[in-house]
Amino acid sequence: MAEEKQESSRPQGEMEGVNCLAYDEAIIAQQDRIQQEIATSNPLVSDRQPLKVLQNEYAKEDSIYQLKIKDLHKKYSYIRKTRPDGNCFYRAFGFSHLESLLEDSKELQRFKAVATKSKLDLVNEGFTEFTIEDFHNTFMDLIELCEKQPGLQELLGSFNDQNVSDYVVVYLRLLTSGYLQREHGFFQHFIEGGRSVKEFCQQEVEPMSKESDHIHIIALAQALNVSILVEYMDRGEGGTVNHHVFPEGSVPRIFLLYRPGHYDILYK
Amino acid sequence: MENKYNLKSPAVKRLMKEAAELREPTEHYHAQPLEDNLFEWHFSVRGPSDSDFDGGVYHGRIVLPPEYPMKPPSIILLTANGRFEVGKKICLSISGHHPETWQPSWSIRTALIAIIGFMPTKGEGAIGSLDYTPEERRALAKKSQDFFCEACACSMRTALLPPSPNRDPRPEDHEAQELAQQISFKADSRQVSESAGATSDPPTLSPAENSSPGARDGSEEPLEDQAEVSSLSPPPSAVRSEGPGRPLSPRQRRAHQARQRRETPPPPPHPDAVRRALAGVRGRRQAGSAALILVLTLVLAVLIFRRIYLAQEYKLDYEL
């Protein structure tokens, strides 16, 4: 999609002045339309579905994927999908972890303490308090909701409320950015293009819809001390799905399925 | 104003807070919502004293989208200043023309500081930008003080606190200033990295690298496995195709194209050019075969003619 847009805009490079402005607005409007289309066909976080729904997403003769889905079946039984809007990693992580807290009050208390303290850490790092506190409050509200042991549907409802859900995503992005900047000495080595960690965070972490890579996942996992396992499924040969645990060697709590450009939640 | 809006709306909640935070004018900036509309603000900013905008106080509008702060504000200047066009949405990487780089943790204050920080930078043909001469800008700076905004009933002479004698040229808030520099720097570095590598993709950590130094000894995965996983990291094209928020802004694209046109790397062949070149090859090939047919026809004609001639000669001989 992105490429198509870039293609179609090429001849417009010569346009100037007023036309440009109109053209920019047309592009923004088009992007909004595309986003709306994606939104109407995918809930932010879906219901839990049997893993076999994956089989129907690929052609029967697509042996690479069909084999890998079979391999996935050995370990998992259910999948919960997230909207492919560039925020899927944060949303999948956020929902999956809070869902797990419904049945683990010990971890819930630990997590609540970490989350409560996290705002102060961000403020000390130079984030403006009054701009981040709404995001933090929304995040804390959801954790407190989990304490009241609500039905799963209530949590799912909150995550499908665009306002609430996006605020949680913003806060998780801020936590990721904060951790990367705190540990910039280490993460600097993994950033390409001569950018500083701070620039990287401003360009690839904090803005909404920017996708996540290993570096984001490891930072968030370490910032909240929650272990994440990601199953990688793509066109690579071999017939098996490879996984990676963040941070390495820990016992995973959250299971995510990665297909190029997208994360969904997996259940055993 | 409190009664008119749904206080549960995140935008309303946030804008109320920002209005309180910005209530008192500073010597560098001031902004408040209009009395009847929380989603439209008017602001005044002082031109940096170490620039052609010294002595100028500039007024403008900020229009907030209903999704604020998830979507960026639009900024429109109302005072002639020689740097930004009047009455047109201006193009900072913080404003509405760059929704993909806006950060929800930024605020109206960030936007104001960014405007001040951007004034002395070059317009370079960006949307809503002007590159007036220093003299023109200085003249406009002087004139700007006479501006009176009827909508918010404020005069530029009294809109801001008077500058203190030993003042910093820019907003005193060091942190915020740093942020503004970051914003402008970002726009630059982006363009540079684009023209250098065409596609600047988010860096990918290979699992071997991203384990923290301490955790490495405990790594149980065999090496081949790691290599496999690292090869599975998303290919640039796949990453690009997912997010609609991903594509470069039109301005960046244009800047990129302009740069490409100006600078060394030869632009990739235009599809038309390719088509024309192909047509040429095809044409040459067609011309070649036509010539061959012609030659063969001629040869045949000569042979037939000779045959007839010979036959006739024979006949003639016979008669003789």
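The values are calculated or read from the model by the stated rules, or taken from the named source; none is laboratory data. Note that the coordinates shown come from a computational prediction; the quantities given were computed from them, not determined experimentally. All accessible areas refer to the heavy atoms of the entire protein, side chains included, with ligands and DNA or RNA removed. Shrake-Rupley method; radii C 1.70, N 1.55, O 1.52, S 1.80 Å.
Odds and ends about this structure:
- When A:190, A:159 are compared by accessible area of protein heavy atoms, the largest-first order is A:190, A:159, using a 1.4 Å probe.
- Chain A - percent relative contact order, Cα under 8 Å, separation 6 or more: 24
- Radius, Kirkwood style, for the stretch B:15-56 when every pair of distinct Cα atoms is counted (Å): 11.3
- Coarse-grained scattering of the stretch A:153-203 at q = 0.17, 0.21 Å⁻¹, given as base-10 log I(q)/I(0) from a Debye sum over alpha-carbon atoms: -0.59, -0.71
- Mean separation of Cα contacts under 8 Å (6+ apart) over length of the stretch B:1-64, as relative contact order %: 22
- Surface share of carbon and sulfur [accessible, 1.4 angstrom probe, percent] for chain A: 51
- The contact between chain A and chain B removes approximately 6500 Å² from the accessible area (both sides summed; 1.4 Å probe; ligands, DNA and RNA excluded).
- Residues of the stretch B:102-123 buried by at least 40 Å² of accessible area upon assembly of all protein chains, compared with the chain on its own (1.4 Å probe): B:103, B:104, B:105.
- Per the Debye formula on identical point scatterers at the alpha carbon atoms of the stretch A:109-268, with no solvent, log10 I(q)/I(0) at q = 0.10, 0.15 Å⁻¹ is -0.40, -0.92.
- Apportionment of accessible area to carbon and sulfur, the stretch B:37-88, percent (1.4 Å): 48
- Protein heavy-atom accessible surface, 1.4 Å probe, per residue over the stretch A:197-268: 24 Å².
- Once all protein chains are placed together, residue B:70 keeps about 40 Å² accessible to a 1.4 angstrom probe.
- Probe 1.4 Å, all protein chains present, accessible-area order of A:240, B:158, B:101, largest first: B:158, A:240, B:101
- For residue B:133, solvent-accessible area (1.4 Å; no DNA, RNA or ligand), Å²: 60
- Cα coordinate range in the stretch A:185-268, projected on the principal axes (Å, largest first): 38, 29, 24
- Computed with a 1.4 Å probe on the full set of protein chains, the accessible area for residue A:201 sits at about 0 Å².
- Under the Karplus curve 6.51 cos²θ - 1.76 cosθ + 1.60, θ = phi - 60°, whole-Hz ³J(HN,Hα) for the stretch B:103-111, x wherever Gly or Pro sits: 10, x, 8, 7, 9, 4, 4, 4, 5
- Accessible area in the full protein assembly, largest first, 1.4 Å probe, for A:60, A:210, B:143: A:60, B:143, A:210
- Gyration tensor (Cα) of chain A, equivalent ellipsoid semi-axes in angstrom: 29, 27, 20
- Exceeding the 29 Å Cα-Cα cut-off - candidates A:148/B:8; A:81/A:112; A:68/A:106; B:17/B:89: A:68/A:106
- Once C-alpha pairs closer than 8 Å and six or more residues apart are averaged by separation and normalised to the residue number of the stretch A:46-205, the relative contact order reads 20 percent.
- Summed over the residues of the stretch A:70-172 and divided among them, the accessible surface reaches 39 Å² per residue at a probe radius of 1.4 Å.
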